[in-house]
1. Determine whether Arg64 is basic (Lys, Arg) and more than 29 Å from Gly9 (Cβ to Cβ).
2. What number of residues within the range 9-42 satisfy the criterion of being over 29 Å from Ala55 (Cα atoms) and not hydrophobic (A, V, I, L, M, F, W, C)?
3. Here are some residues: Glu14, Glu38, Glu47. Which one is touching a Leu at 6+ places or on another chain (Cβ under 9 Å) and either of a type outside the set (Ser, Thr, Tyr) or surrounded by 10 or more Cβ atoms within 10 Å (Cβ to Cβ) (or both)?
Amino acid sequence: MPIDERIAGYSDKELASLHDNVRRLAQAGTALQRAEAERLMPLIDAELAERKARAPARKAPAPRAAKKKSPA
């Protein structure tokens, strides 16, 4: 199965690793590696964006109450 068909099945960690490797190859790979990286990058970016959109919204932490000083 070609890699572009497996992207959706990767875990978040695997997808992040693939993204890093594709970005690196786009800059420093051979001509064939750069071409493949350019083809895969939009697919990886789209999957990352879709996962981010599906993720539940994270709540901002509640402000902490100030501690009262005890009389000395």
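Nothing in this text is a laboratory measurement; each read-out follows from the coordinates by a stated rule. Fair warning: this is a prediction, and the values are worked out from it, not measured in the lab. Neighbour counts run over all protein chains shown; Cβ positions are idealised from the backbone, glycine included.
1. Numbers: basic (Lys, Arg): yes; more than 29 Å from Gly9 (Cβ to Cβ): yes.
Answer is yes for this residue.
2. So the count comes out to 5.
3. Details: Glu14 fails: touching a Leu at 6+ places or on another chain (Cβ under 9 Å); Glu38 fails: touching a Leu at 6+ places or on another chain (Cβ under 9 Å).
Every option except Glu47 fails the conditions.
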